[in-house]
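The values are calculated or read from the model by the stated rules, or taken from the named source; none is laboratory data. The model shown is predicted, which means the values in this text are computed figures rather than measured ones. Neighbour counts run over all protein chains shown; Cβ positions are idealised from the backbone, glycine included. Keep in mind that these areas ignore ligands, DNA and RNA; they rest on the heavy atoms of the full protein, side chains included. Shrake-Rupley method; radii C 1.70, N 1.55, O 1.52, S 1.80 Å.
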Amino acid sequence: LAAGTGERYVDEVETLFLKFGEGRLQQAVHEILPADLEKWLDSHTDWSLSTRRTNQLRFSSLWAVAVAKGWCVLNIVDRLNPVHVPAPPVKVYTNDTTLHIMAAAMSNETTQQVIAPLALGFFGCMRPEEIDSSKALKAGLPAEKLFGWHDIDLKHRLCTVRPEIAKTGDQRTIRLQPVCVEWLKLAKELKNPLPPVNERRLVDQCCALIDLEEWLRDGLRKSCCTHLRAVYKNDYDVIRDCGNSIRVLLTHYADLQVPESVSLEHWQISPEKVNAYLKTNKWKKVVEGAAKAAAAKATASSGVQ
């Protein structure tokens, strides 16, 4: 009546509910299952399709009325954690793989154009979609609103992830670690475009050069978040830079049990170290092994024995 319906409608609804409630006066509401209602509705074979739909709607609106009246103030379902398909186990790159990826990027002038996005992932804990401005591009924002060098303050070692760039609720200012600043200074000297151009193709070239078959989804950032715990020694400081929740950090990254010495080694993978590594026989063997693997795959795919 308060909603403006007529007396006749109210009387019809009351009659409907009382009919359904016959014999249920001592039954708790949560014991009345949806199947019970469906069975009861199906038993009214004299109803037209229109009448059945109308009565279904009347039952559907009962919960909203109960909440509005204050009869029910809490829906227990809202407090349950949704059931999802178990996520795949979190993986991060080993320090050797990180070294190889950065070495591959440094190895020629073409792949050097993706040093900035690789560094922002491995050492700046940025998401790939933040670096390439996916969200802003989908929203049709102009070029000046995309992520770029204007968001990075190398002097004060800060990187701003604006709301139009960040994942919802994760806008933040990242405190860049010294090694990240070194890589970004080099990338800026090499005129790396931000957001990156042809990033996927160039990263694929890097992977082919070192025979890296598994490109971990968001693996650069996950590696960074894992190893930041050894730097800050405080998970709240880690999530300030990463934008994750403590729950995600502990559930995914802390459970990896990465030794502190391994994490600290990650932050020593500097341009200087990579340049020195490029001159070693070990790097030469990595490249030669990848070339042989590529040749073997090509032979196998062509069917030549």
Quiz item: If you check Arg24 against the conditions, is it of a type in the set (Lys, Arg) and part of a helix (DSSP H, G or I)?
Solution: no
Quiz prompt | Whichever residue in region 170-196 is open to solvent by 60 Å² or more (accessible area, probe 1.4 Å) and within 22 Å of the chain's Cα centre (by Cα) and, among such residues, is farthest from Glu144 (Cα to Cα) | solution = Arg175
Quiz item: When region 32-71 is examined, which residues are found to be open to solvent by less than 50 Å² (accessible area, probe 1.4 Å), outside any helix (DSSP H, G or I) and either at pLDDT 85 or above or touching a Phe, Trp or Tyr at 6+ places or on another chain (Cβ under 6 Å) (or both)?
Solution: His44
Quiz prompt | Residue count for region 157-169, restricted to those that are touching a strand residue (DSSP E or B) at 6+ places or on another chain (Cβ under 8 Å) and either under 22 Å from Asn198 (Cβ atoms) or open to solvent by 10 Å² or more (accessible area, probe 1.4 Å) (or both) | solution = 3
Quiz prompt | Which numbered condition Phe17 fails, given (1) open to solvent by 70 Å² or more (accessible area, probe 1.4 Å); (2) modelled with pLDDT of 80 or more | solution = (1)
Practice problem: Name the single residue, out of those in region 134-156 being at pLDDT 95 or above and of a type outside the set (A, V, I, L, M, F, W, C), that is most open to solvent (accessible area, probe 1.4 Å). | Solution: Lys155
Quiz item: Across region 249-263, what is the total count of residues that are open to solvent by less than 70 Å² (accessible area, probe 1.4 Å), modelled with pLDDT under 90 and not small (Gly, Ala, Ser)?
Solution: 5
Exercise. Of all residues in region 51-64, count the ones that are under 19 Å from Lys19 (Cα atoms) and out of contact with any Leu (no Cβ under 9 Å at 6 or more places or on another chain).
Key: 8
Quiz item: For region 146-168, how many residues meet the condition of being in contact (Cβ under 8 Å) with a residue 24 or more places away in the chain and of a type outside the set (Asp, Glu)?
Solution: 12
Self-check item: region 93-126 - residue that is of a type in the set (A, V, I, L, M, F, W, C) and within 21 Å of the chain's Cα centre (by Cα) and, of those, surrounded by the most Cβ atoms within 10 Å (Cβ to Cβ)
Solution: Cys125
Quiz item: How many residues are free of Cβ contacts under 8 Å to residues at least 60 places away in the same chain, acidic (Asp, Glu) and surrounded by 15 or more Cβ atoms within 10 Å (Cβ to Cβ) if we restrict to region 226-248?
Solution: 1
Quiz item: Could you list, in sequence order, the residues of region 1-14 that are in a loop (DSSP other than H, G, I, E, B), under 15 Å from Val65 (Cβ atoms) and open to solvent by less than 70 Å² (accessible area, probe 1.4 Å)?
Solution: Gly4, Thr5
